[in-house]
Amino acid sequence: MTGSSQAVRRGRVVVVGSANVDLVVDVPRHPGGGETILGGDLRRSPGGKGANQAVAAARAGGADTSFVGALGRDEPGELLLASLDRAGVRTDLVERVEAPTGTALITVSPDGENAIVVAPGANSHVRIGAAQADRLAAADVVLAQLEIPLDVVLAAAAARRPGAVLALNAAPSRDLPDEMWAVLDLLVVNEHEALDLAGGPAGSGGSASPAAAASAADPAGTASPDPVERLAAVLLERVPAVVVTLGGAGCLVAQRGADPVRVPAPRVDAVDTTGAGDTFCGVLAAALAGGSTLVDAARTASFAGALAVTRPGAQDAVPTADEVTTFAHPEQLP
């Protein structure tokens, strides 16, 4: 992932992950503990980190994309399947199970920031069978998240071919076992997830600030003065490459043997940030599968993610590849 850019081709991405129906309410502010507030009208839309990322890889990234997931035998499952089909995602590996389709409860504040609680439902039944393993063996990039059981991610890693990239969007954050770190090629996290994985003072997911955690990891103060770069340096001890997303500040790309690179985010007026990170991850995977370097892939993904926050929803907000190409100009950057 550190080499020079290659001619972009239509790569093969397999996304292994969750699919949820999103129940969204606009709120004047996010409620505190024990507090009840009034919100706006309830909206329902297709979501789930895995399904969102698959839609982004196909629609915005232009990749040949397959989704490995599980849906209930219910109407929300039909809603999600239809959304994946419309985006051009291959859904033949999606299994229907005797459990309700996953549900996400989302509140969105006026500045577009969201808070999310997920009831996994059918996502707890995702599995890697023979058909899924065959598709994984043909992928250029395998992309997974942590809204599904960790043993499923490990099974997907074992099924991929030599040379294929295993990218993990470590969300929602949780401790990763050594066997997971051992198979990862790329970790994609936001600043909070990076802090959890790099750890507090003991490296075990403490609650310190990024600066405090970075300082604890480097008591001699010999590393970069930038706390995010220092967090990334800690993570690079476990994984070859890390992308830390920073919201409106863009992202940091860190790779072993290379200087960290800051990728700025375009200037946009945010409406809803719900699907921004998933759009970023899906397009990043698609660009890597198409032959882009990690830095170039992150630039493309940043433009796609920025477009997504200008629209409400998750999958509904994912732009097309043509929209990303039209939008991706230096004058959009700060």
- Message: Please determine whether any residue of the stretch 191-208 is modelled with pLDDT of 95 or more, surrounded by fewer than 20 Cβ atoms within 10 Å (Cβ to Cβ) and not in a helix (DSSP H, G or I).
- Response: no
- Residue among Gly282, Gly305, Gly277, Gly248 that alone is within 25 Å of Ala198 (Cβ to Cβ) and surrounded by fewer than 17 Cβ atoms within 10 Å (Cβ to Cβ): Gly248
- Query: Restricting attention to the stretch 109-117, does a residue exist that is more than 18 Å from Ile148 (Cα to Cα), touching a strand residue (DSSP E or B) at 6+ places or on another chain (Cβ under 6 Å) and among the hydroxyl-bearing types (Ser, Thr, Tyr)?
  - Reply: no
- Task: Report the residue count in the stretch 88-105 for those that are surrounded by 15 or more Cβ atoms within 10 Å (Cβ to Cβ), more than 17 Å from the chain's Cα centre (by Cα) and assigned to a strand (DSSP E or B).
- Result: 6
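I'd like to know if the stretch 45-52 contains one or more residues that are under 22 Å from Ala171 (Cβ atoms) and either without any contact (Cβ under 8 Å) to a residue 40 or more places away in the chain or assigned to a loop (DSSP other than H, G, I, E, B) (or both).
Looking through the stretch 45-52, at least one residue is under 22 Å from Ala171 (Cβ atoms) and either without any contact (Cβ under 8 Å) to a residue 40 or more places away in the chain or assigned to a loop (DSSP other than H, G, I, E, B) (or both).
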- In this structure, is Ala265 surrounded by 21 or more Cβ atoms within 10 Å (Cβ to Cβ), at pLDDT below 95, part of a loop (DSSP other than H, G, I, E, B) and over 13 Å from the mean Cα position of the chain (by Cα)? yes
- Message: I'd like to know if the stretch 122-131 contains one or more residues that are touching a strand residue (DSSP E or B) at 6+ places or on another chain (Cβ under 6 Å) and closer than 17 Å to Val14 by Cα.
- Response: yes
- Would the stretch 149-159 turn up any residue that is within 28 Å of Gly62 (Cβ to Cβ), in contact with a helix residue (DSSP H, G or I) (Cβ under 6 Å, 6 or more places away or on another chain) and not small (Gly, Ala, Ser)? no
- Take the residues of the stretch 63-83 that are surrounded by 20 or more Cβ atoms within 10 Å (Cβ to Cβ), hydrophobic (A, V, I, L, M, F, W, C) and farther than 9 Å from Glu95 by Cα: which is farthest from the chain's Cα centre (by Cα)? Leu81
- Item | Those residues of the stretch 106-139 which are touching a Ser or Thr at 6+ places or on another chain (Cβ under 9 Å), surrounded by 15 or more Cβ atoms within 10 Å (Cβ to Cβ) and not small (Gly, Ala, Ser), in sequence order | Ile106, Val108, Glu113, Asn114, Ile116, Val118, Pro120, Asn123, Val126, Gln132, Arg135, Leu136
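The values are calculated or read from the model by the stated rules, or taken from the named source; none is laboratory data. Remember, predicted model here, so these are calculated numbers, not experimental data. Here Cβ is always computed from backbone atoms with ideal geometry, including for glycine, and neighbour counts include all displayed protein chains.
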